[in-house]
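Chemist: Structure provided below as structure tokens; questions to follow.
The values are calculated or read from the model by the stated rules, or taken from the named source; none is laboratory data. Bear in mind that the values here come from a model prediction, so they are computed numbers and not experimental data. Cβ placement follows ideal geometry from the backbone for every residue including glycine, while neighbour counts extend to all protein chains displayed.
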Amino acid sequence: MWSEGLGWDMARISPYVLSTTKLELTAVIVDTVTGVKDRLSDCVKFIKDLSKEVTEANLKILNKSSHVPRVERMIGWVALEDGWSKMNTDGASQENPGLATAGGVLRNSAREWCGGFTLNIGRCSALLAELWGVYYGLYTAWEHRVTREANRLADGLANYAFSLPLGFHAFVSVPIVVDSILRDDVVGTTVPRPIRM
């Protein structure tokens, strides 16, 4: 479902995700950003419904590819062309379900920190935490007019959120707890990670 460095593989996801879900996601994003009307309860219902749908799609894919061998690849954050920025998000749950958080980071093509967020969600599943990270990542990206992708720095922010009070936390500068990860990304450090082929 996820192609490292490319984002979601819509060709693999589309057979399992309803077209109405895609339309609902667009509506949630537009309404949330433009403030056309208050859709918070619609957003929560949408995230819960999407969580169930994505879980079912993931199970179908895993059942078809459960015997795929893994190979080790060097994975690292990749900057975009000049003039572009990236929003990376991640969600985390301490058990499934359990205490959950999400985090995201916005960086420009020079790999510089442009902004970030953490969200201490409370109790939910890991998948729902990921979706809340995507939701707030999209919201933050819209505010900065950028694209989004997941990575180590966003994971660091999501884990940092476990130490914060419940709620959304925006950052103007890099939190000290993730500064070393940002510096690794700036110099182009990669780390080995097993991926399905």
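Chemist: Can you report the number of residues in the stretch 158-189 which are at pLDDT below 85 and within 19 Å of the chain's Cα centre (by Cα)?
Modeler: 1
Chemist: Suppose we filter Ala150, Ala126, Ala92 for residues that are at pLDDT 85 or above and closer than 21 Å to Val177 by Cα; which single one remains?
Modeler: Matching residue, one of Ala150, Ala126, Ala92: Ala92.
Chemist: Could you tell me which residue of the stretch 154-185 is surrounded by the most Cβ atoms within 10 Å (Cβ to Cβ), considering only residues that are assigned to a helix (DSSP H, G or I) and among the polar types (S, T, N, Q)?
Modeler: Selected residue: Asn159.
Chemist: Val68 passes all but one of (1) in contact with a strand residue (DSSP E or B) (Cβ under 6 Å, 6 or more places away or on another chain); (2) surrounded by 12 or more Cβ atoms within 10 Å (Cβ to Cβ); (3) at pLDDT below 85; (4) among the aliphatic types (A, V, I, L, M); which number fails?
Modeler: Status for Val68: all satisfied but (2).
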